[in-house]
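Novice: So that we are looking at the same thing, I have put the structure below in structure tokens.
The values are calculated or read from the model by the stated rules, or taken from the named source; none is laboratory data. Predicted, not measured: the structure shown is a model, and the values here were computed from it. Note: ideal-geometry Cβ built from the backbone for every residue, glycine included; neighbour counts use all protein chains shown.
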Amino acid sequence: MSDPRNPVVLFIGQPNCGKSTLFNAIAGHKVQTANFPGSTVQHSHSRVTIAGRIVDIIDLPGTYSLNPSDPAEKVALSHLFQEKPDVLINVVDASLLGRSLELTLELLEMEVPTVVALNMLDLAERKGISTDPGKLQAALGVPVVPTIAAHGRGIKELVEAALAVLDAPARPPRLRWSRAVEEKIAELADRLPEDLSVVANKRFTAVRMIESGPTFCVDFLREIHPGLRDTLDEIRTKLEAGRGLPAYEVMAAERHHRSMKIFEETSTVRRRARRPWSERLDDVLMHPVLGYVVLFGVFLAFFFVIFKAGAPLEGVFLKPFESARSALGARLGQSLWGYLADGLLQGIGGGIAIVLPYFIPLLVMMALLEDAGYLARAGFLLDTFMHRLGLHGKSVSPFVLGFGCNVPAIAATRILESRRDRILTSLLIPFIPCSARTTIILALVGFYLGPLWALGFYVANLLLIAVLSRVLSLFFPSDSPGLLLEIPALKIPTPKSIAYKVYFQLKAFVRLAWPLLIGGSIVLSALQYFRWDKALNVVLGPLVAGLLGLPRELGVTLVFGFLRKELSLVMMLQALGTSFQDLGRMITREQMIVFTVFVSLFIPCLSTLAMLWKESGRKVALLSAGLSITVAIALSVLVRMIV
Amino acid sequence: MTPLDKTVSGQKVRIVDIAGGEAVRRRLFALGFQPGDMIESGSRGIWGGPVVLRNLRTGVSVAVGRGIARKILVASGHE
């Protein structure tokens, strides 16, 4: 909860309306954004000083309505109701105003001072939509500020408007429903028990109760106030009798038509001679044949760009570290200090020369795909294949995120409506080669055996996921009605947003992963100096040397791979006492492949496992670990027999 | 009345009814699609893949699985 002394400003809006971009512009880049509905799945807090005042600002996951249907939306609602915001900033997508206003109308009923940010005006312009902010302000009765968050336009005005509302809080006017509905709402509000703790106000609570689905919360309410259940049923029945529709549909339809009306009264839509480029491009991207050609091309390009950019850099960066190591080795010799300094250099060098050359291009490519809005298209194209694997297209986005890092990918499963889909997707994500594993695949298999081998490795890895999904879905019968995914308009990614995204991830790498790499290398050096690594290697010998046919010295590096997958690679050189260039002389091609297969799969890394535990519980985390170990051993042995 | 999956890409139709269960109806409402809305039937995935529909009034596009598309009943705009 926030400090009660500071005013709380809460950002809320529908998915992909640019909320997080706006929030970042004010809070100073703390939230990940993407052109995909549901890229923010957790709320984020920030304390900022604006014009000398301390304000707590909170960004919530996007929600289409106040009737949640997935966990990300539930997060949004529970915070909306608990944080007791002083000001709501409702971000609406001007290019989809008719739909966006439906949430606005729901929010206004909370009667909390509100400012509407009319965002994505550039996109609306492209679609030929122009909205008069003055008219919209008059229709809604709350301040409306035009913004283009991606280009930083209107931010200052928005902050000023929010502060002005904070100084002179004004309750939004009540927008009345049709008489028949308004009467029923008032009746229920009047008949709410006095001791019932209402959210926002009685009228809002009444509306929420009439509209709410069969959720636990309502059942619970009904249990503790048995009379209330009868009242609610009576009122719903009256509403239903009037229109011949279920009560929630009566409400939804009325709200829908009112937003459309406000949209049409405040905006003009120009007929365009030519459809905008984004729609014409979509004809190709979502074409039954061309779409898949493009998808395949994107996948290949993704892979080759990372490899083509990474491999030469890797060679260049490694040299100075190798010469520094030999110089140091000559000076310090076999002393403990010599060992530790060598470990330190290995750790630093491994981070700079082996990891970053592949990591940065991968981040750039991911950011481009996300911001352009390609993930939703990929979800559309792959839905039919995902169905055959027991999932559907909405899981594509978490999967693709998994190529960057499995941890946010598992968090992203919150956009899936059914628990079964969330668990299945979370169990599969750890098999996706994340950036750490891509680094190993490219640096080891790609660098030594050639890019085609690495690509083959990737494809085999994807096939493995498909097979696993098919097998796992046998144990989890499907309960999902199918895909229901918004396709956001295509956008040209802004260099600023790409740069911030890459910076954001790099910062996390330098802060969290690199110290682990360096620490791990130094610990290994110490182990080697005191010859304790031998003991570990002996224990792991039957697995490493016996089953996998790898040099016994690699046993200890596998243990460290649990912390960070790259660590196994960086430490491998150290454990074998060789440099990257000479690695080919120490182990065979077959061993490289077996090592890569095993390290990639053998267990989700520590952070991934922790995330799984947090999101889906201990059982799923343990199941995932067991599954990975089994699959890794089975496949490694299989690969060893074939190659 | 025809189910949406029987329309051809580019056809402009009006949603008459959504025959799905409450969860699907609620989700479609939340995404801004309700009976009475004019929509354009768009791309469809191969091999029984999803159908894209675009709301002509709000401009929202969504992809729905074929199972859901079968339950969205539409009619030509004049009916």
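Novice: For a quick check of your reading of the model, give me the residue pairs whose first member lies in segment A:313-342 and is within 16 Å of residue A:521 (Cα to Cα), whose second is loosely packed, with under 13 Cβ neighbours inside 10 Å, with beta-carbon atoms closer than 6 Å and at least 6 apart or on different chains.
Specialist: none
Novice: Output the number of residues of segment A:385-412 satisfying the condition of being within 23 Å of residue B:47 (Cα to Cα), among the aromatic types (Phe, Trp, Tyr) and away from chain B (no Cβ under 11 Å).
Specialist: Number satisfying all stated conditions: 1.
Novice: Just wondering, is there one or more residues in segment A:139-153 that are at pLDDT below 90 and under 19 Å from residue A:261 (Cα atoms)?
Specialist: Scanning segment A:139-153, I find no residue that is at pLDDT below 90 and under 19 Å from residue A:261 (Cα atoms), so the answer is no.
Novice: Same structure again: Going residue by residue through segment A:369-384, is there one that turns out to be over 29 Å from the mean Cα position of the chain (by Cα) and either part of a helix (DSSP H, G or I) or within 14 Å of chain B (Cβ to nearest Cβ) (or both)?
Specialist: The initial filter retains those residues of segment A:369-384 that are over 29 Å from the mean Cα position of the chain (by Cα), namely none.
Looking for residues that are over 29 Å from the mean Cα position of the chain (by Cα) and either part of a helix (DSSP H, G or I) or within 14 Å of chain B (Cβ to nearest Cβ) (or both), one finds none in segment A:369-384, hence no.
Novice: Still on this model: Suppose we filter segment A:45-92 for residues that are acidic (Asp, Glu) and within 14 Å of another protein chain (Cβ to nearest Cβ); how many remain? Break it down into steps so the answer makes sense when it comes.
Specialist: Looking only at segment A:45-92, we keep the residues that are acidic (Asp, Glu), and these are A:56, A:59, A:70, A:73, A:83, A:86.
Next, from what is left, pick out any that are within 14 Å of another protein chain (Cβ to nearest Cβ): A:70, A:73.
Number of matching residues: 2.
Novice: Looking only at segment A:478-494, filter to residues that are facing chain B (nearest Cβ under 7 Å) and at pLDDT below 85; which one of those is surrounded by the fewest Cβ atoms within 10 Å (Cβ to Cβ)?
Specialist: Taking segment A:478-494 first, the residues facing chain B (nearest Cβ under 7 Å) are A:481-487.
Okay, now just the ones that are also at pLDDT below 85, so A:481-483.
On the way: A:481: 19, A:482: 22, A:483: 29.
Step by step, filter segment A:478-494, then rank; the result is A:481.
Novice: Ok, one more. What strands (runs of 3 or more DSSP E) completely inside chain B contain at least 1 residues that are more than 20 Å from residue A:386 (Cβ to Cβ) and among the basic types (Lys, Arg)? Let's see the steps before the verdict.
Specialist: Details: elements: B:12-18, B:38-44, B:51-55, B:61-64, B:72-76.
Here the list reads B:12-18, B:51-55.
Novice: What about residue A:311, is it within 24 Å of residue B:27 (Cα to Cα), of a type in the set (A, V, I, L, M) and in a helix (DSSP H, G or I)? Give the steps one after another, and end with the answer.
Specialist: Details: within 24 Å of residue B:27 (Cα to Cα): no; of a type in the set (A, V, I, L, M): yes; in a helix (DSSP H, G or I): yes.
Here the answer is no, as residue A:311 does not meet what is asked.
Novice: Filter segment B:21-51 down to the residues that are more than 19 Å from residue A:98 (Cα to Cα), facing another protein chain (nearest Cβ under 8 Å) and either buried (at least 20 other Cβ atoms within 10 Å of the Cβ) or of a type in the set (A, V, I, L, M, F, W, C) (or both) and list them by number.
Specialist: Scanning segment B:21-51 gives B:23, B:24, B:42, B:43, B:44, B:45, B:46, B:47, B:49, B:50.
Novice: Oh, and also: Kindly list the number of the only condition in (1) in contact with a Leu (Cβ under 7 Å, 6 or more places away or on another chain); (2) within 14 Å of chain B (Cβ to nearest Cβ) that fails for residue A:435.
Specialist: So the condition that residue A:435 fails would be (2).
Novice: Please go through segment A:231-274 and give me each residue that is of a type in the set (D, E, K, R) and loosely packed, with under 12 Cβ neighbours inside 10 Å, ordered by number.
Specialist: The first filter runs over segment A:231-274 and keeps only residues of a type in the set (D, E, K, R), leaving A:233-234, A:236, A:238, A:240, A:243, A:249, A:254-255, A:258, A:261, A:264-265, A:270-272, A:274.
Matches in segment A:231-274: A:270, A:271, A:272, A:274.
Novice: Filtering segment A:284-304 down to residues that are at the interface with chain B (Cβ under 10 Å from one of its Cβ atoms) and within 26 Å of the chain's Cα centre (by Cα), which residue is nearest to residue A:454 (Cα to Cα)?
Specialist: The selected residue is A:292.
Novice: Can I ask one more? Checking residue A:198 against (1) surrounded by fewer than 20 Cβ atoms within 10 Å (Cβ to Cβ); (2) modelled with pLDDT of 85 or more; (3) closer than 22 Å to residue A:90 by Cβ, which single condition isn't satisfied?
Specialist: (2)
Novice: Does segment A:619-641 contain at least one residue that is among the hydrophobic types (A, V, I, L, M, F, W, C), part of a loop (DSSP other than H, G, I, E, B) and on the phi < 0 side of the Ramachandran plot? Quick ask: steps written out before the conclusion?
Specialist: Initial filter on segment A:619-641 (among the hydrophobic types (A, V, I, L, M, F, W, C)): A:620-623, A:625, A:627, A:629, A:631-635, A:637-639, A:641.
Next, from what is left, pick out any that are part of a loop (DSSP other than H, G, I, E, B): none.
No: segment A:619-641 contains no residue that is among the hydrophobic types (A, V, I, L, M, F, W, C), part of a loop (DSSP other than H, G, I, E, B) and on the phi < 0 side of the Ramachandran plot.
Novice: Taking into account only those residues within segment A:453-470 that are touching a Gly at 6+ places or on another chain (Cβ under 9 Å) and of a type in the set (A, V, I, L, M, F, W, C), which is farthest from the other protein chains (Cβ to nearest Cβ)? Please lay out each step first, then the result.
Specialist: In the first step, residues of segment A:453-470 are kept if they are touching a Gly at 6+ places or on another chain (Cβ under 9 Å); the result is A:453-455, A:457, A:469-470.
Adding the requirement that they be of a type in the set (A, V, I, L, M, F, W, C) leaves A:453-455, A:457.
Values: A:453: 31, A:454: 29, A:455: 24, A:457: 27 Å.
Only one residue fits best here, namely A:453.
Novice: Looking at segment A:508-547 only, could you name the residues that are surrounded by 19 or more Cβ atoms within 10 Å (Cβ to Cβ) and of a type in the set (Ser, Thr, Tyr)?
Specialist: Hits for segment A:508-547 are A:521, A:525.
Novice: What is the number of the single condition among (1) within 23 Å of the chain's Cα centre (by Cα); (2) surrounded by fewer than 18 Cβ atoms within 10 Å (Cβ to Cβ); (3) modelled with pLDDT under 85 that residue A:468 does not meet?
Specialist: Checking residue A:468 against (1) within 23 Å of the chain's Cα centre (by Cα); (2) surrounded by fewer than 18 Cβ atoms within 10 Å (Cβ to Cβ); (3) modelled with pLDDT under 85, the one that fails is (3).
Novice: Looking at segment B:52-78, which of its residues are at the interface with another protein chain (Cβ under 7 Å from one of its Cβ atoms), touching a Lys or Arg at 6+ places or on another chain (Cβ under 7 Å) and at pLDDT below 90?
Specialist: B:58, B:59
Novice: Identify, from the list A:264, A:254, A:249, the residue that is assigned to a helix (DSSP H, G or I), more than 9 Å from chain B (Cβ to nearest Cβ) and of a type outside the set (A, V, I, L, M, F, W, C). It would help to see each step written out before you state the result.
Specialist: Details: A:264 fails: more than 9 Å from chain B (Cβ to nearest Cβ); A:249 fails: more than 9 Å from chain B (Cβ to nearest Cβ).
Every option except A:254 fails the conditions.
Novice: Could you grab me the full set of residues in segment A:605-619 that are surrounded by fewer than 19 Cβ atoms within 10 Å (Cβ to Cβ), closer than 23 Å to residue A:560 by Cα and not polar (S, T, N, Q)?
Specialist: Residues satisfying the conditions are A:606, A:610, A:613, A:614, A:618.
Novice: Report yes if residue B:18 is at the interface with chain A (Cβ under 9 Å from one of its Cβ atoms) and touching a residue at least 40 places away in the same chain (Cβ under 8 Å), otherwise no. So that I can check it myself, show each step before the final result.
Specialist: Working: at the interface with chain A (Cβ under 9 Å from one of its Cβ atoms): no; touching a residue at least 40 places away in the same chain (Cβ under 8 Å): yes.
In short, no.
Novice: A further question on this structure: Checking residue A:181 against (1) in a helix (DSSP H, G or I); (2) within 26 Å of residue A:52 (Cβ to Cβ), which single condition isn't satisfied?
Specialist: Against the list (1) in a helix (DSSP H, G or I); (2) within 26 Å of residue A:52 (Cβ to Cβ), residue A:181 comes up short only on (2).
Novice: Would you be able to tell me the number of residues in segment A:254-282 that are within 32 Å of the chain's Cα centre (by Cα) and over 21 Å from residue A:124 (Cβ atoms)? Explain how you work it out, then say what you get.
Specialist: Looking only at segment A:254-282, we keep the residues that are within 32 Å of the chain's Cα centre (by Cα), and these are A:255-256, A:259-260, A:263, A:275-282.
Then keep just the ones that are over 21 Å from residue A:124 (Cβ atoms); that gives A:255.
Number of matching residues: 1.
Novice: In segment A:161-178, which residues are in a loop (DSSP other than H, G, I, E, B), closer than 19 Å to residue A:53 by Cβ and either in contact with a strand residue (DSSP E or B) (Cβ under 7 Å, 6 or more places away or on another chain) or in contact (Cβ under 8 Å) with a residue 40 or more places away in the chain (or both)?
Specialist: Filtering segment A:161-178 for residues in a loop (DSSP other than H, G, I, E, B) gives A:168-178.
Still in the list and also closer than 19 Å to residue A:53 by Cβ: A:168-170.
Residues satisfying the conditions are A:169, A:170.
Novice: Determine which member of the set A:49, A:63, A:33 is closer than 17 Å to residue A:416 by Cβ and either at pLDDT below 85 or not acidic (Asp, Glu) (or both). Steps first, answer last, please.
Specialist: Details: A:49 fails: closer than 17 Å to residue A:416 by Cβ; A:33 fails: closer than 17 Å to residue A:416 by Cβ.
Going through A:49, A:63, A:33 in turn, the sole match is A:63.
Novice: I've got another one for you. Run down A:536, A:463, A:452 and say which single residue is free of Cβ contacts under 8 Å to residues at least 12 places away in the same chain, out of contact with any Cys (no Cβ under 6 Å at 6 or more places or on another chain), closer than 22 Å to residue A:626 by Cα and not polar (S, T, N, Q). Break it down stepwise before answering.
Specialist: On the way: A:536 fails: free of Cβ contacts under 8 Å to residues at least 12 places away in the same chain; A:452 fails: closer than 22 Å to residue A:626 by Cα.
Just one listed residue meets the conditions, A:463.
Novice: To continue, here is another question. Report the residue count in segment A:408-418 for those that are part of a helix (DSSP H, G or I) and either crowded, with 22+ Cβ neighbours inside 10 Å or at pLDDT 85 or above (or both).
Specialist: At the first step, the residues of segment A:408-418 found to be part of a helix (DSSP H, G or I) are A:408-415.
Checking which are either crowded, with 22+ Cβ neighbours inside 10 Å or at pLDDT 85 or above (or both) leaves us with A:409-410, A:412-413, A:415.
Matching residues across segment A:408-418 total 5.
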